[in-house]
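Enquirer: Below is one structure. I have some questions about it.
The values are calculated or read from the model by the stated rules, or taken from the named source; none is laboratory data. Please read all numbers here as calculations on a predicted model, not as lab measurements. Cβ: placed from backbone, ideal geometry, glycine included. Neighbour counts: every protein chain shown.
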Amino acid sequence: MCKNFRSLVSLVVLLGIPVMGFAAPVCDTRSMAGLSGLMPIILIFAFIYFLFMRPQQKKNKEHQKLLNSLKKDDKIITTGGVYATVSGVNGNIIDVKIADGVYIQVVRQSIATIVTKEGEEAAAKMPEVIKK
């Protein structure tokens, strides 16, 4: 009886339904008091998880997929803003060409994105002043 009453009370409180003249059965409320004190903390954690943590995990998973798909001749942008072309992939170290005859090695995690055809078209439309 107490368990059903608690469920009913929880539903009424969540829905905001006013209840007048409802006689509560006698039951032990000590076990319910501990849970009701934790409920706001649990709700706040759930809110933060679904609003902040879950989208970041999805973004990290997509970025990891991008890093694993790197191959020779991909055009990339590093986290430092350097445009480069991948010339070799050696495990965690990526050899990139940043200019004619200029090659550097970068860590795989320092690659921000792979430049796609749309990105190249957008760069081609930029005025000369901005390009230099």
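Enquirer: Take LYS97 and decide whether it is basic (Lys, Arg), modelled with pLDDT of 90 or more, assigned to a loop (DSSP other than H, G, I, E, B) and at negative phi.
Expert: No: the conditions fail for LYS97.
Enquirer: Report, ordered by the first and then the second residue, all pairs with beta carbons closer than 8 Å, sequence separation of six or more or different chains, a first member in region 93-104 that is surrounded by 11 or more Cβ atoms within 10 Å (Cβ to Cβ), and a second member that is of a type in the set (Phe, Trp, Tyr).
Expert: Note: pairs meeting the criteria are ASP95/TYR103; VAL96/TYR103; LYS97/TYR103; ILE98/TYR83.
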